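**Q** Here's a structure for you.
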Amino acid sequence: MPAKLRSQAWFQGDEYYNFARRAWLRSEGFNKDVFDGKPLIGICNSWSELNNCNAHLRQVAEAVKRGVWAAGGFPLEFPTISLGEMFMKPTTMMFRNLMAMDVEESIRANPIDGVVLLCGCDKTTPAQLMGAASADIPAIVVTGGPMLSGEWRNRELGAGTDGRKLFDLFRTGELSEEHFAEIEGCIARSAGHCTVMGTASTMTSLAEALGMTLPGCAAIPAPDSRRLAIADSSGRRIVDMVAEDLKPSRILTRDAFENAITVMMALGGSTNAVIHLIAIAGRLGIELKLDDFDRLSRRTPYLVNVKPSGEYLMDHFFAAGGVPAVLKELLPLLHSNAAAVNGKTIGENANVAECFNAEVVRPLANPLHNEGGTAILRGNIAPDGAVIKQTAASPHLLQHRGRAVVFETYDEMRARINSDDLPVDETSVLVMKNGGPKGAPGFPEWGHIPMPAKLLKHGVKDIVRISDARMSGTSFGTVVLHVAPESAIGGPLAIVQDGDEISLDVASRRLDLQLSQDEIARRLAAWKPAAPQYDRGYGRLFLEHVEQAHLGCDFDFLRSRRAQ
Ligand code: FES
């Protein structure tokens, strides 16, 4: 143990409040010898019935407690706000920073020596990591795991990705109402996060790649007994981490973030991970740039054959060896000396891993794609960058020129997208404005603009779509996202008009509006901002302090002031 536990400042001493804190703790029925002198382990739980993905985390917390007790610690569970992707409006992204503040201040304000972070659904993992990184006491992540694969008429379905594809079939009448109703009852079969490589699976895998979980944690299915077993082991381990003073700042180094980016590219992971990794790193004074993502993407092959970029689901990924199998393949590209919460290095952990299915986790020598999943674009529409998931895009559209069909807002897009009068063909480029951090506001997952019904009827499944919004990690298509600066603050996306020609060239990482500089300058000078959508409360705080996509969308005052 360290010479003095942090919690002793609360409980030990002869002041009135030392006595009172012990007495009030005993009101929960604990004998003094149960906690006296022992490390107090907080279990930071994002359980909520309003978040189906995390609905099993109380059971996971019980398993963590068993481990903490067994290792001689004293566990106390506490709640945080939870962010259920399916339910929250306008978008969970609006509340990621609020949850991160809740996590950070709950840890800092309480007599906690070490903390176990329970998370799963998309934003809950980055929010926990951001908060714990800022609080910087020993911390370990236990993810909730993916839900069981959907099963319909002997066909496996991935929540998110297949739901969207089947919904398009339902829209065109290729799937009956009766069949669609059956699918609703069996596409999401258990607690746990979405079972494709969407944002949740990406961020839980990256928590493991960062070294913040025990090896193998991310891919264990939520209902699998091994999920509870690893929760127990994590409870035991955090007690040792307190003794070793193994804090996030010793694990979350620049090398660890470069490892996580490399793994993200090999996973074909969610574009949302770009924003979250930048934000987590910012809490430690590490400046990750979009160019870091592009540099690592260009040298990292895409290996993990899981939807939406690949064919399989998270169950198959788990059976194939999960994140440890990916780390083993990627070892030549990783900083193998980066630390992990189990006290070993990432290299030591990866060396003992095995791959059990080379079709699901491809070897480095036989990748699915020579580059990583996400590419960073720049050009006169996106001076501060934009992203595209190239592995989930249509190859024939990766180099494309077409005329813009512009929607000023999401509501306008919804009102017009299925109209037979929409002036769109298979060469068009759909452009949607006001979907960014301040414009929407909250940076919602509106970027996967639905295919116009008119084109679907003619068998056109994909066209180029551009916005300053995000996209669900479970989505697919030739979709350019996170255009920065966003249109609502006068980024050049704001001045695109119907009929303007736009060129996309992913190989050369360009996205350009084919207009003269003079014309762009003339239109920008005439542009006027809309009135803010909130004048009080959290919405106002968000609008006044959220940063742009290329900076991670944290609040400006929450970033570390330490530069590394
Ligand atoms: Fe929670 Fe997909 S809705 S992970």
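The values are calculated or read from the model by the stated rules, or taken from the named source; none is laboratory data. These figures come from a predicted structure and were not determined experimentally. Please note: Cβ atoms are built from the backbone with ideal geometry, for glycine as well, and neighbour counts cover all protein chains shown. These area figures cover heavy atoms from the full protein model, side chains too; ligands, DNA and RNA do not enter into them. Shrake-Rupley method; radii C 1.70, N 1.55, O 1.52, S 1.80 Å.
**Q** Looking at Ile388, Ile376, Ile381 in this structure, which one is assigned to a loop (DSSP other than H, G, I, E, B) and surrounded by 22 or more Cβ atoms within 10 Å (Cβ to Cβ)?
**A** The conditions single out Ile381.
**Q** Of the residues that make up the stretch 102-113, is at least one within 16 Å of the ligand (Cβ to nearest atom), of a type outside the set (Asp, Glu) and at pLDDT 95 or above?
**A** no
**Q** If you check Ile502 against the conditions, is it closer than 30 Å to Gly310 by Cβ and at pLDDT 95 or above?
**A** Spelling it out, Ile502 is indeed closer than 30 Å to Gly310 by Cβ and at pLDDT 95 or above.
**Q** Hey, Arg96 hits all of (1) basic (Lys, Arg); (2) more than 15 Å from the ligand (Cβ to nearest atom); (3) buried (at least 22 other Cβ atoms within 10 Å of the Cβ) but one; which does it fall short on?
**A** (2)
**Q** Okay, next question. Search the stretch 330-363 for residues being in a helix (DSSP H, G or I) and open to solvent by 50 Å² or more (accessible area, probe 1.4 Å), and hand back the single one that is nearest to Phe257 (Cα to Cα).
**A** The extreme case among them is Pro332.
**Q** Consider Lys457 against the criteria (1) surrounded by fewer than 21 Cβ atoms within 10 Å (Cβ to Cβ); (2) over 21 Å from Ser475 (Cα atoms): it satisfies all of them except one. Which criterion is unmet?
**A** That leaves (2) as the condition not met.
**Q** Inspect the stretch 178-189 for any residue being surrounded by 20 or more Cβ atoms within 10 Å (Cβ to Cβ), under 23 Å from Asp556 (Cβ atoms) and either out of contact with any strand residue (DSSP E or B) (no Cβ under 8 Å at 6 or more places or on another chain) or modelled with pLDDT under 95 (or both) and give the result as yes or no.
**A** no
**Q** Still on this structure: Would you point out which residue out of Leu76, Leu57 is within 16 Å of the ligand (Cβ to nearest atom) and touching a Gly at 6+ places or on another chain (Cβ under 8 Å)?
**A** Criteria check complete, one pass: Leu57.
**Q** Could you check the stretch 539-564 and list, in sequence order, the residues that are in contact (Cβ under 8 Å) with a residue 12 or more places away in the chain and more than 22 Å from the chain's Cα centre (by Cα)?
**A** Leu541, Arg561, Arg562, Ala563, Gln564
**Q** Could I ask something else about it? Do the conditions hold for Ser48, that is, is it surrounded by fewer than 23 Cβ atoms within 10 Å (Cβ to Cβ), within 16 Å of the ligand (Cβ to nearest atom) and part of a loop (DSSP other than H, G, I, E, B)?
**A** Yes, satisfied.
**Q** Could you check the stretch 111-159 and list, in sequence order, the residues that are buried (at least 24 other Cβ atoms within 10 Å of the Cβ), in contact with a Pro (Cβ under 6 Å, 6 or more places away or on another chain) and either free of Cβ contacts under 8 Å to residues at least 60 places away in the same chain or outside any strand (DSSP E or B) (or both)?
**A** Scanning the stretch 111-159 gives Asp113, Ala132, Ala133, Gly145.
**Q** Could you figure out which of (1) closer than 30 Å to Tyr312 by Cα; (2) open to solvent by 10 Å² or more (accessible area, probe 1.4 Å); (3) at pLDDT 95 or above; (4) hydroxyl-bearing (Ser, Thr, Tyr) isn't true of Thr478?
**A** Going through the list (1) closer than 30 Å to Tyr312 by Cα; (2) open to solvent by 10 Å² or more (accessible area, probe 1.4 Å); (3) at pLDDT 95 or above; (4) hydroxyl-bearing (Ser, Thr, Tyr), Thr478 breaks only (2).
**Q** Now for a separate question. In the stretch 458-479, which residues are among the basic types (Lys, Arg), in a loop (DSSP other than H, G, I, E, B) and more than 16 Å from the ligand (Cβ to nearest atom)?
**A** Across the stretch 458-479, the qualifying residue is only Lys461.
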